Amino acid sequence: MVTDEDLIADVKAGSRTAFETLFDRYREPVWRFFRRRTPDAARAEELAQDTFVAVLDGAKRYDNRGTFRSYLFGIAYNVLLADRRKAVFRQTLPIETEPIDPGIADPDAAIWVRHALATLEEDDREILMLREYEQLSYREIAEIRQTPLNTIRSQLFRARAALKAALDERIPQPVRTSHGR
Amino acid sequence: MAAEHLHSPTPEEVMEFVDGEGTPAARAGIEAHLAACPACQTLVAEQRGLSRELGAWQVAPAPESLKAPANAAPVARPWWRPTRFVLAGLSAGTVVLLVGLFQTRQMSRSLPVASRQVSLSAQEEEERLGRGGAGGRPAFVEAAPRPETVSQPAVSEPSSLDSRAGFAASLSTPKPEAQEQTGSGSTAAVAHGPAVIRTATLQLVAKDFNSVRTAVDVILDSSAGFADQLGVSADPGSARVLRGTLRVPGTQLTGVLTRLRALGQVTQDQQNAQDVADQLVDLDARLRSARATEQRLIDLLKNRTGKLSDVLEVEQELTRVRLDIERLDAEKTNMTRRVAYATIDLTISEERQAAIVGPLPLLTQLRVAAKDGLQNVIDMVVGLALFVLRAGPTVMLSAFAGILAWIAIRRALRVHSA
């Protein structure tokens, strides 16, 4: 199997096929990244599209210093932040007002998790989600957020403790998210 | 959790182990520790249980419409993406600009009312023209016909008449050219033809306002006229207006008006004439009668034979008659002067203001508007430059301090949240 780094190197050389392969690999992860963080599905799709466009556009500047995965989610994270800055002037809906996507195994559990995540501080929630859903390493999270590694570790531990407390209460308390850092 | 795990490894290290982080040696050490530590086993179970619970939040698959972009073009990227510092600088500059514009407008409004009123009295005007006679008396006085009374013995009469007598004495030296212009005197004019008081009102719009004042002076000089009153009002940023009352010999009126009209575009031109010949004849008759009465009273005093009370009564009557003579004489002099010198009410506006107040050709209005617009731009640039020089350093320093404070607060908040 061709690695992500080899594929992006081919994209850098102008290979359209390599880019489509990368797109197929990360289409769902990038979509999920935005879907969990954006109340509007259409907006999430737009942001995912913007992310791949940015990858294609910036392929020639890819320096192969880290994994392509961290590079990709770094771009996605920046796209998300840019959208949140613009969203300051838009109406922001509570994260839990978005209906649970149909077809999942345990909708009740999903609702509880979403409520619990909504109770976390924004930075803690973001780090926890990058770790749990995007499966990024501590170092990759630190690079994306431009935060020291030890800080990431402390924040992650604190976020998990808070999440556990919130889940233990099992009382959904809607919290309005600001969609800002 | 922290209270329960004061031993090594710490809860965070256990969490790292669960997440697959840490060096191989550390992971091996924790793995060995876990086998004998129920508390850490519980912690590991909690961490893994949390991950499982979080996994319950699934999202639907990506929509079919999410396809690989064909190229990088769909994202419209700005040709320039400024950094935060550049944005902050631009913001500060914008603030300076806005404050500068505001200040400029305020300064222009708060300037002392510099309505420059250049007003010259007739005497100042005459002195400026160097035509003042003895005692600075206006030329028209010298040109006025010599009243018959000036040769009367009244000049040596009681002190109550001294000032008037002095005035009469000053009238005894008529100016030859004025005499020539007015004929041989008002009496002759009254006797042989109409005595007309002429007035004219002339309003002009001048393109070259700077040369107007000089041109008016030249016209007055060449026509032996003078300015009874002449003033230029000029507000900063607005058009200037010259207003004046000119006196010119009646025979020169037509020529003077013709030359004045050439100074600009005429917006009002009006002339009036009033024949006062009858009034002058009447004044002459009353004067002659009063002087005859005066002479008879003087003769009575010279040959006085009655009582003292009668003498005093005659003297009182003589005083009254002399006052009448003076009043009639002044009235006649004034009327004669008005006959001899026509009056022109002159108003000359600068072209810029005229576009606002009067109908002008479209081309002229456009030219005026363009000139005003250019002047406004120049004023704004100059005002802005002055403000930047005066307040710019302070504002920039404040903006720089604000940026530093903002950065410091951001960092403090980030450290606090960490």
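In this calculation the C-beta distance from A:Arg65 to A:Ala13 is compared with R0 = 22 Å, giving a FRET efficiency of 0.75. As a calculated quantity, the FRET efficiency between B:Asn210 and B:Arg286 at R0 = 56 Å, using C-beta atoms, amounts to about 0.65. Straight Cα distances below 22 angstrom link B:Lys371 to the lysines B:Lys207, with same-chain residues fewer than 8 positions distant left out.
So, by mean Cβ neighbours within 10 angstrom, what's the order for B:26-34, B:223-231 with the highest one leading?
Highest to lowest by the protection proxy: B:223-231, B:26-34.
Take the convex hull of the alpha carbons in region B:193-313; its mean projected area over all directions comes to 13.2 nm². Label separation (B:Val218 vs B:Ala369): 3.5 nm, computed from points 7 Å beyond Cα along the C-beta direction.
When you look at the Cβ of every residue in B:47-56, what mean number of other chain Cβ atoms sits within 10 Å? The mean count of partner-chain Cβ atoms within 10 Å per residue comes to 6.
Averaging the inverse of every distinct alpha carbon separation and then flipping it gives the Kirkwood radius. What is it for region B:300-392, in angstrom units?
Working: mean 1/r = 0.0481 Å⁻¹.
The answer is 20.8 Å.
Hey, which of these cross-link pairs are over 27 Å Cα-Cα: A:Lys164/B:Lys67; A:Lys12/A:Lys86; A:Lys86/B:Lys67? Pairs exceeding 27 Å: A:Lys164/B:Lys67; A:Lys12/A:Lys86. Report the FRET efficiency, 1/(1 + (r/R0)^6), for B:Arg261 and B:Thr319, where r is their Cβ-Cβ distance and R0 is 51 Å, rounded to 0.05. Using R0 = 51 Å, I get an efficiency of 0.50. For the peptide A:135-141, the mean number of other protein chain Cβ atoms found within 10 angstrom of a residue's Cβ is 2. Other residues with beta-carbon under 13 Å from the beta-carbon of A:Leu22 carry, at +1 per Lys or Arg and -1 per Asp or Glu, a net charge of -2.
Every number here is computed from the coordinates shown, using simple stated rules; none is lab data. What you are looking at is a predicted structure, and each value in this text was computed from that prediction instead of being measured. So basically every Cβ, Gly included, is an ideal-geometry build from the backbone, and we count neighbours across all protein chains shown.
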